[in-house]
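Asker: This is the structure I want to talk about, given as structure tokens.
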Amino acid sequence: MRDFAIRYGFLILMIGLIVVFGLSAPGFLTPQSAVFILQSVAITGILALGVTCTMVVDGFDLSIGAVATSALMLSAYAQVIWGLGAIEAVLMCLAMGAAVGLANGVMIVKLRVPDLLATLGMMFVLIGLQRIPTQGNSISTGMALPGGGSATGTFDPLFLALGRLRLDFILPRLLPLSVVMLLVIALLVWVFLETTRHGRLMYAIGSNAQAAALAGTNVDRYRIAAYVISGTLASVGGVLLAARLGRGDVASGNNLLLDAVAAALIGFAVLGAGKPNAFGTAIGALFVGILLQGLTMLNAPYYTQDFIKGAVLIVALVFTFALSGRAGRPA
């Protein structure tokens with residue numbers, strides 16, 4: 001019974017949650033509600049997949065939320081202030097995310113700064129940098145510029161389509177492009193981590209870096225690569241958020257870090273994996289979306305949502321470590 005609870009307890013909990021919300025909240029079990037849940041977790045899920053890659057090599061990235069909001073502000077600034085197109089803005093954001101990830105990796109691997117401290121410092125640096133050019137104001141067409149005048153640029157329709165376009169693959173005009181991107185990225189990360197030699201080496205590094213190095217693995221290179229992947233995926237999430245909002249809102253990504261980390265940690269409990277994994281992370285993000293959508297439809301006070309998410313996270317980790325007898329830092 002304990003083994004069954006460890007392996008399937010979380011999935012049973014999620015199914016039970018769906019049943020409870022479906023019976024208690026009219027309209028919860030509708031295609032429109034399902035699409036809203038998927039759209040709400042698309043960005044969180046992409047960020048969570050990035051932090052999962054760092055956890056695989058026994059690291060952690062606290063800067064993903066700041067990278068996402070920096071990408072949001074950079075893409076808005078590039079189009080509204082500089083007048084650039086969608087392709088240029090997206091490429092700039094991806095390059096920025098990869099550069100931040102590389103800087104994190106170098107600080108952690110080469111300079112021996114603890115991962116939590118290095119990424120925490122980077123988080124504060126990015127939070128400050130994203131607000132300096134506009135003096136803390138949001139970016140939108142017609143905004144007053146610090147040096148005088150107003151912004152005349154607009155968001156490229158192609159860019160906005162990344163966050164607003166709905167496809168007809170399954171249900172007419174109901175499947176957001178951002179959800180498709182989440183599914184594709186989750187599949188790619190899963191294939192990379194679970195089926196390729198590089199992914200297995202990353203798991204080996206997370207399990208025992210010294211043994212992996214003795215076996216001939218370039219541990220430093222793989223650890224740095226994990227942070228580059230994390231930064232790049234975080235920038236993808238920021239681009240999608242900017243495309244959905246159609247403005248550069250400095251406060252729009254406040255909860256991204258906590259939700260992404262919760263999704264990644266909840267993934268440890270899915271099917272009793274007990275380790276960071278792409279499938280569990282995607283399910284964890286979906287669970288967070290279901291929980292928040294159900295609470296919203298039940299008119300639960302907004303200030304109770306973080307408490308409930310934290311309680312669920314504790315339950316998931318208890319299933320993973322206490323009941324299974326595992327101990328120590330997740331790796």
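Each value in this text was obtained by applying a stated rule to the coordinates, not by laboratory testing. Everything quoted here is computed from the prediction, not taken from an experiment. Every residue, glycine among them, receives a Cβ derived from its backbone with ideal geometry; neighbour counts consider all protein chains shown.
Asker: Under a Cβ-Cβ cut-off of 12 Å, what is the net charge of the residues other than SER230 that fall near it, where Lys and Arg count +1 and Asp and Glu count -1?
Answerer: Result for the local shell: -1.
Asker: If you average the sequence gap of Cα pairs under 8 Å that are 6 or more apart and divide by the length of the range 115-262, what percent do you get for the contact order? Kindly include the intermediate steps, with their values, before the conclusion.
Answerer: Numbers: 97 pairs, mean separation 39.4, N = 148.
Relative contact order of the range 115-262: 27 percent.
Asker: In debye, nearest 20: dipole of the range 205-308 around its Cα centre with unit charges on the Cβ of K, R (+) and D, E (-)?
Answerer: 200
Asker: Quick one: pull the percentage of alpha-carbon pairs in the range 187-232 with a separation above 12 Å.
Answerer: Details: 626 of 1035 pairs.
Above the 12 Å cut-off, the range 187-232 has 60 percent of its Cα pairs.
Asker: For the chain, with only Lys/Arg (+1) and Asp/Glu (-1) charged at the beta-carbon, what is the dipole magnitude about the Cα centre, in debye rounded to 20?
Answerer: 400
Asker: Among ASP58, ASP3, rank each residue by its count of other Cβ atoms within 10 Å, from fewest to most, as a rough exposure measure.
Answerer: In increasing order of surrounding Cβ atoms, one gets ASP3, ASP58.
Asker: Let me have the relative contact order for the chain, percent, based on Cα pairs under 8 Å that are six or more residues apart.
Answerer: 33
Asker: Further, regarding this structure: If each residue's Cβ is checked for other Cβ atoms within 10 Å, how do TRP82, TRP190 rank with the fewest at the top?
Answerer: TRP82, TRP190
Asker: So, counting K/R as plus one and D/E as minus one, what does the shell of residues with Cβ under 14 Å around ILE43 add up to?
Answerer: 0
Asker: Next question, about the same structure. Output the direction-averaged projected area (hull surface divided by four) of the convex hull of the alpha-carbon atoms of the range 107-179, in nm².
Answerer: Details: hull surface 35.0 nm².
Computing the convex hull of the Cα atoms and averaging its projections yields 8.8 nm².
Asker: Which ³J(HN,Hα) values, rounded to whole Hz and listed in residue order, are derived for the range 242-258 from phi using the Karplus coefficients 6.51, -1.76 and 1.60 in 6.51 cos²θ - 1.76 cosθ + 1.60 with θ = phi - 60°, glycine and proline given as x?
Answerer: Working through the residues one at a time gives 5, 5, 6, 7, x, 6, x, 9, 5, 9, 6, x, 4, 9, 4, 4, 5 Hz.
Asker: How much of the pair distance distribution for the chain lies past 29 Å, counting alpha-carbon pairs only, in percent? Don't skip to the end; give the middle numbers.
Answerer: Working: 21651 of 54615 pairs.
Roughly 40 percent, once rounded to a whole number.
Asker: Under the rule a/c < 1.5 gives rounded, and otherwise a/b versus b/c splits prolate from oblate, where does the range 170-311 land using the Cα gyration tensor? If you can, show how the numbers build up before the last one.
Answerer: On the way: a/c = 1.99, a/b = 1.69, b/c = 1.18.
Here the range 170-311 falls in the prolate category.
Asker: Divide the volume of the convex hull of the Cα atoms of the range 278-321 by its number of residues and quote the answer in cubic angstrom per residue.
Answerer: Normalising the Cα hull of the range 278-321 by residue number yields 62 Å³.
Asker: Sorting GLU88, GLU194 on the 10 Å Cβ count, fewest up front, what's the list?
Answerer: Fewest-to-most ranking of GLU88, GLU194: GLU194, GLU88.
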